[in-house]
Amino acid sequence: MRARYGIPLGIMAAGAAGLAYSVGFEARSFRLRRVTVPVLPPGMHPLRVLQVSDIHMVGGQRKKQRWLRSLAGLRPDFVINTGDNLSDPEGVPEVLDALGPLMEFPGAYVFGSNDYYGPKLRNPARYLLEKTSGRHGLNGNAPAVGAIHNPWEDLRDGFDEAGWVNLTNTRGALKVEGVSIELTGLDDPHIKRDRYAKVAGGPTESYDFSLGVVHAPYLRVLDAFTADDYPLILAGHTHGGQLCIPFYGALVTNCDLDTDRVKGLSTHTAEGRTSYLHVSAGCGTNRYTPVRFACPPEATLLTLVPRS
């Protein structure tokens, strides 16, 4: 009897320990990723950009709120928020409070699907099924029925009041230390709200530097930004795979991006041009799957330096 049940019980114990670690420790083990990106014109002074993404705020997440407030101590030149701030319809005040110190700096934002709609309980295996079928979000799947509508307008108003630039299918600009920065943003491709035709045409020559911003890094969007010669694209959405296999990596990206580029700095090539791509693994999770494994929550401080 011991030989028969010893292995299954051992597997169950290991699984329980892994679940306890991923929920109780890693999902709350916030990190700062630091990367250097050579994208500025020669001779320009370096710029420090803080990217926050996929906060997925749920009421009472005090440690996450304290950590987000502490990021203001980095003193970035500007902040980019790449969406999915909410995982609770009541979470807007806590998001605005947690980001309050960061909103003292110049910044801009796009929204993700979870800013518009509340999360629903779903089988995590569906992410693997969607990967094999090539369907993600509303890109090939039927429209959501009975979705919870989040008060995204209140979130938008709070960001706008702080002076952050709304990049929903539009262009914006920031002036930082005498440097003019053009920002071109899209609404979330995961739910087919992106309208690249409204912003197409590439960087404006009158600005010192231009970059693209989007929540979900779908290939059609990356292709468009890259073909238009944007030197840098910032995105989130993937959670870095969220549940990863040590020494292997992510199994899914929740979009059509390959798993090799699920988080961190990489490049993207389209029509003979190449852009840098940074995908944030984000600092939160869907409220119904509050787990991370081999993929700690993060924000990123990008130091933009001149091209060689």
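The values are calculated or read from the model by the stated rules, or taken from the named source; none is laboratory data. No experiment lies behind these values; they were computed from the predicted model shown. With ideal geometry, Cβ positions are generated from the backbone for all residues, glycine too; neighbour counts draw on all protein chains shown. Each accessible area value is taken on the protein alone, full model and side chains, heavy atoms only, with ligands, DNA and RNA left out. Shrake-Rupley method; radii C 1.70, N 1.55, O 1.52, S 1.80 Å.
Around the amide H of Leu277, modelled in the peptide plane, lie the amide H atoms of Ile233, Ser266, Thr267, His268, all under 5 Å away and 5 or more residues distant in sequence or on another chain.
Solvent-accessible surface of the stretch 32-306, taken per residue with a 1.4 Å probe and all protein chains present: 41 Å².
Out of the total accessible area of the chain (probe 1.4 Å, heavy atoms of protein only), what percent is carbon and sulfur?
Working: 7680 of 13900 Å².
The C+S portion of the solvent-accessible surface of the chain is 55 percent.
Could you estimate the translational diffusion coefficient of the stretch 44-136 from the Stokes-Einstein equation, with Rh from the Kirkwood formula over C-alpha pairs, at 10 °C and 1.306 mPa s, in whole µm²/s?
Values: Rh = 14.8 Å.
Estimated via Stokes-Einstein, D reaches 107 µm²/s.
What lysines sit close enough to Lys64 to cross-link, taking a C-alpha to C-alpha distance under 24 Å and skipping anything fewer than 8 places away on the same chain? Result set, ordered by chain and number: Lys120, Lys263.
Distances between placed amide hydrogens fall under 5 Å for Ser29 paired with no residue 5 or more residues away or on another chain.
With q set to 0.13, 0.15 Å⁻¹, the log10 of I(q)/I(0) for the stretch 32-306, from the Debye formula over equal scatterers at the Cα positions, is -0.81, -1.11. The separation of the stretch 85-133 from the stretch 177-248, counted between C-alpha centres, amounts to 17 Å. Of all DSSP-defined beta bridges confined to the chain, some 40% are antiparallel rather than parallel. Which residue fluctuates the most in the chain, going by a Gaussian network model with Cα springs under 10 Å, if the choices are Ala173, Ala197, Ala235? Highest fluctuation among the options: Ala197.
Who wins for biggest fluctuation among Asn123, Asn139, Asn85 in a Gaussian network model of the chain, springs between alpha carbons below 10 Å? Looking only at Asn123, Asn139, Asn85, the biggest GNM fluctuation is shown by Asn123.
Summing charges over neighbours of Gly272, with a neighbour being any other residue whose Cβ is under 13 Å away from its Cβ, gives -3 when K and R count +1 and D and E count -1.
Could you compute the net charge surrounding Pro203? Neighbours are other residues with a C-beta less than 9 Å from the C-beta of Pro203; K and R count +1, D and E count -1. Spell out each step's value before the answer.
Working: positive: none; negative: Glu182, Glu205, Asp228, Asp229.
Residues close to Pro203 contribute a combined charge of -4.
Here is what passes the span test in the chain: the DSSP H helices with alpha carbon length of 24 Å or more along the helix axis and a Kyte-Doolittle mean of 0.5 or above are 2-24. Full extension of the chain between Ala144 and Arg34 gives 35.9 nm of extra length, using 0.36 nm per residue less the Cα-Cα distance.
Note that the stretch 34-40 has calculated 3J(HN,Hα) couplings of 10, 9, 10, 10, x, 10, 7 Hz, one per residue in order, obtained from phi through the Karplus relation 6.51 cos²θ - 1.76 cosθ + 1.60 (θ = phi - 60°); glycine and proline are x.
Keeping all protein chains in place and using 1.4 angstrom, which order do Leu50, Leu265 fall into by accessible surface area, from largest down? Spell out each step's value before the answer.
Numbers: Leu50 0, Leu265 65 Å².
Ranking Leu50, Leu265 by accessible area, largest first, yields Leu265, Leu50.
Amide H to amide H distances under 5 Å link Gly107 with Val79, Val165, where only residues 5 or more positions off or on other chains count and H is placed in the peptide plane.
Net charge around Asp84, counting only other residues with Cβ within less than 9 Å of its Cβ (Lys, Arg = +1; Asp, Glu = -1)?
On the way: positive: none; negative: Asp54, Asp115, Asp188.
In short, -3.
Couplings 3J(HN,Hα) for the stretch 286-293, derived from phi with the Karplus relation 6.51 cos²θ - 1.76 cosθ + 1.60 (θ = phi - 60°), are 3, 4, 8, 9, x, 10, 9, 9 Hz, where x marks Gly and Pro.
What whole-number value in cubic angstrom gives the convex hull volume per residue for the C-alpha atoms of the stretch 165-269? Let's see the in-between values first.
On the way: hull volume 11.5 nm³, N = 105.
Output value, Cα hull per residue: 109 Å³.
Considering only DSSP states other than H, G, I, E and B, which chymotrypsin sites (Phe, Trp or Tyr not before Pro) in the stretch 196-276 qualify as loop sites with at most 11 other Cβ atoms within 10 Å? Before the final figure, lay out the partial values.
Working: sites: Tyr196, Tyr207, Phe209, Tyr218, Phe225, Phe247, Tyr248, Tyr276; in loops: Tyr207, Tyr218, Phe247, Tyr248.
Passing sites in the stretch 196-276 are Phe247, Tyr248.
Residue by residue, the stretch 200-205 carries 3J(HN,Hα) couplings of 5, x, x, x, 8, 5 Hz when phi is fed to the Karplus relation 6.51 cos²θ - 1.76 cosθ + 1.60 (θ = phi - 60°); x denotes Gly or Pro.
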